[in-house]
Every structure is written in C-alpha cells, then in structure tokens.
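No lab work stands behind these numbers, since they all come straight from the coordinates. Note that the structure is predicted; figures quoted are calculated from it, not measured. Don't worry about glycine lacking a Cβ; one is built from the backbone with ideal geometry, like all the others, and counts go over all protein chains shown.
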Amino acid sequence: MVRCLLFIEAREMEPPQEDSMNSDTLKGQWTELKGKVREQWGKLTDDDVETIGGQAQQLVGKIQQRYGLAREEAQRQFDEWKAEERQHVGKARS
C-alpha cells in the first residue's frame, strides 16, 4: 500500500506529458539510457539496471539502496541527472 502511494505521489509530481524525459520516455529510451545511468551511478549492477526497466521510481529506489541515501537525496540526484539529460536531448535536436 505504501509503495502504491509513493508511486501515485511520484506520478503527481511529474511534469506534464510534454516533458522530454517523463517516465514514459524513460521507459521508451531505456536501452539507450542504461549506459548513461551506469556512468552516473556506477554502484548499480547490471541486474539492477535490467530490473529497473526504465521505471523512474525504481531507479530512485535503487540509487537510494546502493548509495545509502535518503529517499529525498536519491530523488534530487535523479532529478538533476534528468535535467542534464534533457539539456543534452535539446541540444541534439537543435
């Protein structure tokens, strides 16, 4: 139940669908992004990355677990990484 509420809460905090790196995009581009995720968070194992499967909140949870971070810090790191990836995507499209 708590996990469900966290997922709902996280979904409510996500930006509108035109966001270039929303959860659907993360899932859709997961194959391309896996390497970048491993570069950013090297403690994540190949199994972790495969299990995450592009699900943003699972990624945040694994970051929290592997690095011993508070949920808020793991979310902050993910949000920062996501913003940087958006910039790279925006520059590539220009």
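Points worth noting:
- Each label point was placed 7 Å from the Cα along the Cα-to-Cβ direction; for A70 and V89 their separation is 2.9 nm.
- Nitroxide proxy distance, nm - points 7 Å out along Cα→Cβ at E80 and K43: 1.5
- In plain terms, the residue of K62, K91 with the fewest other Cβ atoms within 10 Å comes first and the most crowded comes last, giving K91, K62.
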